[in-house]
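Scroll down for the structure; my scribbles are underneath it.
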Amino acid sequence: MSTTTLHYIFDPLCGWCYGAAPLVDAAQAVPGLAITLHGGGMMVGSHRRKIDAQWRGHVIEHDARIAAMTGQPFGEAYINGLLLDTTAIMDSAPPTCAILAAEKLAGRGLEMLHLIQVAHYQQGKRVADMSVLEGLAQEAGFSADEFMQEMALIEATTLADHIAQSRALLAKVQGPGFPTFVLEDAQGQLHDLPVGQYLGDAQAWQALLREYVSAQ
């Protein structure tokens, strides 16, 4: 059986990507399916922002929809903690570096994405802070020094190119934004998958992926 690749264009601070986490878990259980991560840099550079009342109102509205559609939990520490912290900076770059570092060091980028999403949306932690990311790396069993060195190297040398390539892929497939899932078959053909139809139905999503893989 030829390996089929599921390209996942995401952002660690995207609520809908958090809503799609059960679909990612389901995809990991499909034999013959590889998953490649593409961080799109939703909130980097000039798009970073501090939390304020306007942002809180915008996010709370979307989070309620995400919770209703997907069943994903949003913790008290996030809703009435982090989202009230007007000193917190929403910056996708550091957590994206952490995910890429976990992937490069041990092929565990998806695991780090999960830890970051839980830390942010359930525990209300500042996942753009290096101390938080270092703690998550240690929780995952990485050497803190090695992990932080790898993160710094990625930020300095490859992060900008990674984000640019992720956005180019998003544009190529005319994806709707984050999350976008693109299936690459054994012939190299790309198929943009309608993830919105499957949010909250991981079983049907997994069946779709199995059908694609079995057809290869």
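The values are calculated or read from the model by the stated rules, or taken from the named source; none is laboratory data. What you see is a predicted model, and the numbers here were worked out from it, not measured in a lab. Backbone-built Cβ (ideal geometry, glycine too); neighbour counts: all protein chains shown. All accessible areas refer to the heavy atoms of the entire protein, side chains included, with ligands and DNA or RNA removed. Shrake-Rupley method; radii C 1.70, N 1.55, O 1.52, S 1.80 Å.
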Estimated FRET transfer efficiency (Glu155, Gln123; beta-carbon r; R0 22 Å; 0.05): 0.40
Placed amide H near Thr36: partners under 5 Å, 5+ positions off or other chain: Leu6, His7, Tyr8
How large is ³J(HN,Hα) for each residue in the range 158-174, as worked out from phi by the Karplus curve 6.51 cos²θ - 1.76 cosθ + 1.60 (θ = phi - 60°), to whole Hz, x for Gly and Pro? 10, 4, 4, 5, 4, 5, 4, 5, 5, 5, 5, 5, 4, 5, 4, 8, 6
Calculate one ³J(HN,Hα) per residue across the range 122-138 by plugging θ = phi - 60° into the Karplus curve 6.51 cos²θ - 1.76 cosθ + 1.60, and present them in order as whole Hz with x for glycine and proline. 10, 9, x, 8, 7, 7, 8, 7, 4, 5, 5, 5, 4, x, 5, 4, 5
Using the crude model of +1 on Lys and Arg Cβ and -1 on Asp and Glu Cβ, and no other charge, please compute the dipole size for the range 117-191 relative to its Cα centre, in debye to 20. 420 debye
Kindly write out, for the range 17-26 in residue order, the coupling ³J(HN,Hα) from the Karplus curve 6.51 cos²θ - 1.76 cosθ + 1.60 (θ = phi - 60°), rounded to whole Hz, with x marking Gly and Pro. 5, 4, x, 8, 4, x, 5, 5, 4, 5
Once amide hydrogens are built 1.01 Å from N within the peptide plane, the residues lying 5 or more places from Ile51 or on another chain with amide H under 5 Å from its amide H are Ala88, Met90
Name the residue, out of Trp205, Trp55, Trp16, whose mean-square fluctuation peaks in a Gaussian network model built on the chain with Cα pairs under 10 Å. Trp55
Test item: Cα-centred dipole of the range 1-122, Lys/Arg +1 and Asp/Glu -1 on Cβ, debye: 200 debye
Quick check for you: which residues of the range 117-131 have the amide N under 18 Å from the point 7 Å beyond the Cα of Asn80 toward its beta carbon? 121-125
Test item: Cα-centred dipole of the range 47-192, Lys/Arg +1 and Asp/Glu -1 on Cβ, debye: 440 debye
CD proxy, 222 nm, the chain: helix-only mean residue ellipticity via -39,500 (n - 2.57) per DSSP H run with n ≥ 4, per residue, nearest 500, stands at -16000 deg cm²/dmol
Once you've got the GNM for the chain with C-alpha springs shorter than 10 Å, pick whichever of Ala93, Ala171, Ala102 has the biggest mean-square fluctuation. Ala171
In Å², and per residue, what accessible area does the range 54-146 have when probed at 1.4 Å with the other protein chains present? 45 Å²
Spread of Cα-to-Cα distances over 10 Å intervals beginning at zero, given as percent, for the range 69-153: 19, 50, 27, 5
Which one of Gly71, Gly45, Gly141 has the biggest mean-square fluctuation once the chain is modelled by GNM with Cα springs under 10 Å? Gly141
Candidate residues Ile9, Ile35: accessible-area rank, largest first, probe 1.4 Å: Ile35, Ile9
So what's the angle, to the nearest 10 degrees on a 0 to 90 scale, between helix 144-157 and the longest Cα principal axis of the chain? 80 degrees
Hey, can you grab everything whose amide H is under 5 Å from the amide H of Gly124? Only 5+ residues off in sequence or another chain; H modelled, so Pro and N-termini drop out. Tyr78
Quick one: with all protein chains in place, what share of the accessible area of the chain is carbon or sulfur, to the nearest percent (1.4 Å probe)? 50 percent
Work out the FRET efficiency for Thr3 and Ala106 from their Cβ-Cβ distance, taking R0 = 30 Å, and round it to the nearest 0.05. 0.90
Quarter of Cα convex hull surface for the chain, i.e. mean projection, nm²: 11.6 nm²
Does anyone have the angle between helix 109-121 and the longest principal axis of the chain? Alpha-carbon axes, 0 to 90°, nearest 10? 40 degrees
